[in-house]
Amino acid sequence: MLEPHGVTLQQYNVLRILRGAGDAGLPTLAVAERMIEQTPGVTRLLDRLERKGHIRRERCRRDRRQHLCWLTKEGARVLERLEDPMIAAQEEALGALGESDRRRLVKLLDHVRNPDE
């Protein structure tokens with residue numbers, strides 16, 4: 001479902017994270033922390049998205065060591081095209097679960113991602 005749009009699941013996740021950040025953008029490290037699947041290669045992942053025109057990055061003016069990332073209009077268009085198919089896939093995968101089971105699953109997945117919290 002993602003392949004025809006030229007993005008991987010990790011890239012899709014990054015695009016959603018940056019959409020949530022809005023006009024403020026996010027530092028690279030914050031993007032990495034928010035990813036569902038943690039990856040040591042977040043910079044390479046962002047490089048690919050930038051080459052495709054889905055995100056833009058700039059050096060932070062206050063801290064030149066950081067780069068801030070934003071979703072571009074093209075990245076927003078990709079997310080828009082993927083929204084309905086991704087919702088349908090999620091419903092298919094989780095359709096057998098009731099609302100309380102879904103909440104419990106989300107809680108367990110959060111615990112797996114952040115065991116210290």
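Some notes on this structure:
- Some residue of the range 41-63 being free of Cβ contacts under 8 Å to residues at least 12 places away in the same chain, part of a loop (DSSP other than H, G, I, E, B) and of a type in the set (Lys, Arg): yes
- Any pair with Cβ under 9 angstrom, 6 or more apart, that starts in the range 1-22 at a residue that is free of Cβ contacts under 8 Å to residues at least 24 places away in the same chain and within 13 Å of Arg48 (Cβ to Cβ) and ends at one that is part of a helix (DSSP H, G or I) and not charged (D, E, K, R): Thr8/Leu45
- Among the residues of the range 23-32, the ones that are farther than 14 Å from His54 by Cα and surrounded by 14 or more Cβ atoms within 10 Å (Cβ to Cβ) come to 6 in all.
- Among the residues listed as Thr39, Thr43, Thr72, the single one being over 26 Å from Leu109 (Cα atoms) and β-branched (Val, Ile, Thr): Thr72
- Qualifying residue in the range 78-86 (condition: touching a residue at least 12 places away in the same chain (Cβ under 8 Å), surrounded by fewer than 14 Cβ atoms within 10 Å (Cβ to Cβ) and closer than 21 Å to Pro4 by Cβ): yes
- The range 24-55 - residue that is at pLDDT below 95 and acidic (Asp, Glu) and, of those, farthest from Trp70 (Cα to Cα): Glu37
The values are calculated or read from the model by the stated rules, or taken from the named source; none is laboratory data. The shown structure was predicted, so the numbers you read here are calculated from the model rather than taken from an experiment. With ideal geometry, Cβ positions are generated from the backbone for all residues, glycine too; neighbour counts draw on all protein chains shown.
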